[in-house]
Amino acid sequence: MKKYHQVIIYFSMILFAFAFIISFYNNGQIWKVDRNTGKIAWKFGKGGTMQMPAECDFSQAHAVHINQNGSLLFFDNGVEKKQSEVYAMKLNEANNTSVVDFHFKLPIDIYNERMGSAYMVGDSTVLCACSKRHITVLVNLKGEILWELKSGMPSYRVEFLKKGDLEPYLQ
């Protein structure tokens, strides 16, 4: 029996028709994996195969997904900087390159060393869960807090739901 000394823990996984996109806890990377073959198409992050601009310096990506603009959007805990951030990246898979679509830092006082999420609400705001701080914030694309919700317990993820989508269940 083969013994392994290092375990890679994943944070999030999204499924597409032909691939998975997976973010990992302890290697600071996001991978695209072919669903049929299991082969890694690319690795985005520290030591990855996809080139990153210098300003995309993340360490732990949570809630990785493709947003409505086609960008790879994720919440970064920011454990190396002690400040959480949100990144939206445009990936060019043919050239293995990327550019920043948008990026902002959250206020230091809501730094979230574990867990968290970031999802677009419309075109100009992002809903973020700072789970370890028991706070949810709606921010603009500059990272300015528009409103906040403090709770007695952590929320692992938060997403915006339109009232019309909920009405059938609120009868």
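Computed from the C-beta positions of ASN140 and LYS82, the FRET efficiency with R₀ = 25 Å rounds to 0.65. Once Rh is set to the Kirkwood radius over Cα pairs, what Stokes-Einstein translational diffusion coefficient, in µm²/s, holds for the chain at a temperature of 4 °C and a viscosity of 1.567 mPa s? Using the Kirkwood radius from Cα pairs, D works out to 77 µm²/s.
Pairs of Cα atoms nearer than 8 Å and 6+ residues apart set the relative contact order; for segment 10-169 it is 13 percent.
Here the 3J(HN,Hα) profile of segment 93-100, calculated from phi with Karplus coefficients 6.51, -1.76 and 1.60 at θ = phi - 60°, is 5, 5, 9, 6, 10, 8, 9, 6 Hz, Gly and Pro shown as x. One quarter of the convex hull surface built on the alpha carbon atoms of segment 86-171 amounts to 7.7 nm², the projected area averaged over directions. When the pairs LYS32/LYS132; LYS39/LYS81; LYS105/LYS150; LYS81/LYS150; LYS82/LYS150 are compared against a 30 Å limit on Cα-Cα distance, LYS39/LYS81 fall above it. Full extension of the chain between THR49 and TYR169 yields a length gain of 38.7 nm, computed as 0.36 nm times the residue separation minus the alpha carbon distance.
Once the Cβ-Cβ distance between PHE18 and GLU159 is put in as r, and R0 is 22 Å, what FRET efficiency do you end up with, to the nearest 0.05? Could the numbers behind the result be given before it?
Details: r = 25 Å, r/R0 = 1.13.
It comes out at approximately 0.30.
Read the figures in this text as sums done on the coordinates, not as results from a lab. These numbers come from a predicted model, not from an experiment. All Cβ positions, glycine included, derive from the backbone under ideal geometry; neighbour counts span all protein chains shown.
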